[in-house]
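Only one structure is covered here, and it is reproduced in the block below.
The values are calculated or read from the model by the stated rules, or taken from the named source; none is laboratory data. Computed from a prediction, not measured in an experiment: that's the story for all the values here. Neighbour counts are summed over all protein chains in view; Cβ atoms, including those assigned to glycine, are modelled from backbone coordinates with ideal geometry.
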Amino acid sequence: MTIKNYHLTLRDVASHDAEYLETVFSLANGHFGVRANDPIMGNPITGTLINGFYETSPITYGEAGIGYAQHHQTILNLPDLRHLTILTEHGHRFTKSRRTTANLDLTSGLLTEKYTLETMQGESIYLGVQSVIGQGQQNFWAVSYTITPENYQGILVVSKSIAVPAEAEELKSADPRKSRIAGLPECESDFITQDLQRYHVKTRRTQESVTMYLGSLTPNCSLLRQPVDLSDGRPHVLEYEVYVGDVGEQNTIDPAATFLVNSWVGLQKDSRDFWDDVWDRSEVTVSGNDELNLAIYYNVFQLNQAAGRDGRTNIAAKGLSGSGYEGHYFWDTEMYMLPYFIYTNQPMARQLLFYRFQTLPQARMRARALGVDNGALFAWRTINGEEASPYFPAGTAQYHIDADIAYAVGRYYEITRDLDFIIQCGFEMVLETARFWENFGSWNQVDTTSRFEFHTVTGPDEYTALVNNNYYTNRLAKHNFNLVVSLAHEILADDPNGLEPFGLSEADLDVFSNLADHVYLPYSRELRINEQDDSFLNKPRWPLSKSTPENFPLLLHYHPLTIYRYQVSKQADTLLADYLFPEDLSLDQLKREYRYYEGVTTHDSSLSRSIFSILAARMDDPEKAYRYFMDTARMDLVNLQKNTADGLHLANLGGSWLALVAGFSGFYVQDEVVHFNNHLPQEISELTYRMKIAESVLEISLTATTTNVTVISGPIPTYGVSVNGEMISLVKVS
Ligand code: BGC
């Protein structure tokens, strides 16, 4: 398979609003992200997001309650690094700008744009902008501006600096919407030399700081006043680089020396090397449909851009492409994005899990705040590990995040056998979450059956809140109990005293096994389907057929209590559990369940369609799977949810990869066997993709009649591989 040269251009994107384009063409590297603001007209004081760099402010409740989340955590929207000021020699400023081309090279990470600029007096020039973000050298971003005369051919004065927001003015504002801007950070800036600016930003409450340096890569170029003579009619190039320090890093770097090491060309190579490696491990080709192929490529690209790699940060719901959802991390990571990393880049997956591990102390405190004496409850939405959701019915009540994290640990271990990680971090997370469930749940005797139940919870479907026995939650909690037992046995097999540090005995394991056996899973005998919860099927159905498109998403048009009264789902809920545990139900039951829940689901959440696609593929309805998949694959490129301007839908990007891999190629792992089942829809003539599991890169290639799995590099794996129900021996292609 040859890696194609994929580019996203202006032509490929459906909506051309400025803010939408800023998101879609954003560059990021897990540490920070740069939105593709218009360099002349864009907002110079916002556009850069640093993963995990946030300010807090008190959450003000009209009616507060005990144990409510206390503080907002809001990612800081920092100054735009792309901004540039250009004046003619007569002091006329170029204030109008039109983006005429944009081209994001997905194989190298290079963003190339062209603008036409104009002054109020009608003088015009062309501005070419190329930018790249360091991927190995994650503190760097570089930009090259090419200025070419149009009708103006005189002298220009170019200035570039990192803008300091006008904080005093905004702090005094009486506008209540600006009250949160009280968190505006302290900013200081100075020019160390004429071609080097230092910019220091410090949060007021958390007292975290970051230092940035802006330097010129063009020799003898003044940042604040650089004359450019266009009279020769030739293009003039000015290159700059920005160093974005780590959060809390001491101000000890020598930026001048660092900048010398990093030339514009050097940073481009650094980026290309990174993307070569990514595509080598996770190339995806969908033959016969270039548009779709580009979309998938783009999604994988953005997933890699968004993911924090340092173990201190994670993947925000909008990645680093926008400040929507305040830069918070959700269950989205474990259930939708982590699978891509688990099956293509295990060290990254480990880092993402490690982030959660570090938040265990906060999770333990959260469990106590919720009146649960043992175990840990991870935050529903957070940056620093503390709960930041002010709306508990669709926030903290989504206790399932605990079992989601445990589930992800299990999946990671299954494929890596990384016992070291389990002993150091993973087991403690699984144990603490199991302990939470043990103490949170309660026994209920119904006739002769003892059931272990979970009350007043919210499942993934945020249109149904505070219910008893949400099927998804209960099924995942059951898995959490089973997982703690199976991982404990792995530890014991390695070291008979291995459980001592965890204060765990064999008798404790029996308790967990017993709980797993008794977790209640609601089932409707009448409909012969799993019930979303104890009351869901008894409610009146939301009149979906009578609702017009303007009524959606429901959450923007109806009081939550109105929505909660009805049988209506925002996203896959019970079906998500069915996807995760294929062994649980027959194909017939799956079909019944799918038909039922499809009829009551609005897909108002971007986390929904990918799951419907995967299950349709499993039910051998590839055409339906394809339809859902198309919406998933192109969601942000066509602005399907109409809010891409706030940032990309990262969970959906991960979901689109899952839809190809778990859906069309029927990939799953069970009992140390990797399974592939061909469910290719007729619209796709060939699907080829790669996975890296341990040291082996596998290539999986499907057509309507063939399913091939080969080893591209690394050793022949030790795990078994099954294709369409038959075990095969892998061969290595040279
Ligand atoms: C979804 C949640 C999701 C959150 C962040 C909400 O709309 O309902 O499941 O975690 O968005 O992506």
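Structure notes:
- Check on Glu89, of a type in the set (Asp, Glu) and within 24 Å of the chain's Cα centre (by Cα): no
- Checking Glu623 against (1) under 30 Å from Tyr329 (Cα atoms); (2) in contact with an Asp or Glu (Cβ under 9 Å, 6 or more places away or on another chain); (3) surrounded by fewer than 19 Cβ atoms within 10 Å (Cβ to Cβ), the condition it does not meet: (1)
- Flag if Met365 is touching a Pro at 6+ places or on another chain (Cβ under 9 Å), assigned to a helix (DSSP H, G or I) and either within 16 Å of the ligand (Cβ to nearest atom) or over 17 Å from Ser610 (Cβ atoms) (or both): no
- Odd one out for Ile405, checked against (1) farther than 16 Å from Ala316 by Cβ; (2) in contact with an Asp or Glu (Cβ under 9 Å, 6 or more places away or on another chain); (3) part of a loop (DSSP other than H, G, I, E, B): (3)
- Failed criterion for Thr206 (all others in (1) modelled with pLDDT of 95 or more; (2) among the hydroxyl-bearing types (Ser, Thr, Tyr); (3) surrounded by 15 or more Cβ atoms within 10 Å (Cβ to Cβ) hold): (1)
- Selection count where residues are in contact (Cβ under 8 Å) with a residue 40 or more places away in the chain and in a strand (DSSP E or B), scope the range 34-89: 23
- Here the range 187-203 is the region considered, the condition is being out of contact with any Leu (no Cβ under 8 Å at 6 or more places or on another chain) and among the hydrophobic types (A, V, I, L, M, F, W, C), and the residue that is surrounded by the fewest Cβ atoms within 10 Å (Cβ to Cβ) is Ile192.
One line per residue, one yes/no per condition, for (1) modelled with pLDDT of 95 or more; (2) within 16 Å of Ile693 (Cβ to Cβ); (3) part of a loop (DSSP other than H, G, I, E, B):
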{"residue": "Met337", "(1), (2), (3)": "yes, no, no"}
{"residue": "Thr344", "(1), (2), (3)": "yes, yes, yes"}
{"residue": "Arg350", "(1), (2), (3)": "yes, yes, no"}
{"residue": "Phe354", "(1), (2), (3)": "yes, no, no"}
{"residue": "Gly371", "(1), (2), (3)": "yes, no, yes"}
{"residue": "Gly375", "(1), (2), (3)": "yes, no, yes"}
{"residue": "Trp380", "(1), (2), (3)": "yes, no, yes"}
{"residue": "Gln398", "(1), (2), (3)": "yes, no, yes"}
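- One residue stands out in the range 318-340 among those that are within 9 Å of the ligand (Cβ to nearest atom) and aromatic (Phe, Trp, Tyr): the one that is farthest from Gly426 (Cα to Cα), namely Tyr325.
- Pairs where the first residue, in the range 550-576, is free of Cβ contacts under 8 Å to residues at least 12 places away in the same chain and the second is outside any helix (DSSP H, G or I) and more than 14 Å from the ligand (Cβ to nearest atom), C-beta under 6 Å, 6+ apart: Asn551/His557
- Just one of the listed residues (Gly459, Gly395, Gly441) is touching a Leu at 6+ places or on another chain (Cβ under 8 Å) and touching a residue at least 12 places away in the same chain (Cβ under 8 Å), namely Gly441.
- Qualifying residue in the range 305-317 (condition: touching a residue at least 40 places away in the same chain (Cβ under 8 Å), within 12 Å of the ligand (Cβ to nearest atom), in a loop (DSSP other than H, G, I, E, B) and closer than 29 Å to Gln670 by Cβ): yes
Let's see how each residue does on (1) closer than 27 Å to Gln351 by Cα; (2) surrounded by 23 or more Cβ atoms within 10 Å (Cβ to Cβ); (3) among the acidic types (Asp, Glu):
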{"site": "Asp404", "(1), (2), (3)": "yes, yes, yes"}
{"site": "Arg411", "(1), (2), (3)": "yes, no, no"}
{"site": "Pro460", "(1), (2), (3)": "yes, yes, no"}
{"site": "Leu466", "(1), (2), (3)": "no, no, no"}
{"site": "Tyr471", "(1), (2), (3)": "no, yes, no"}
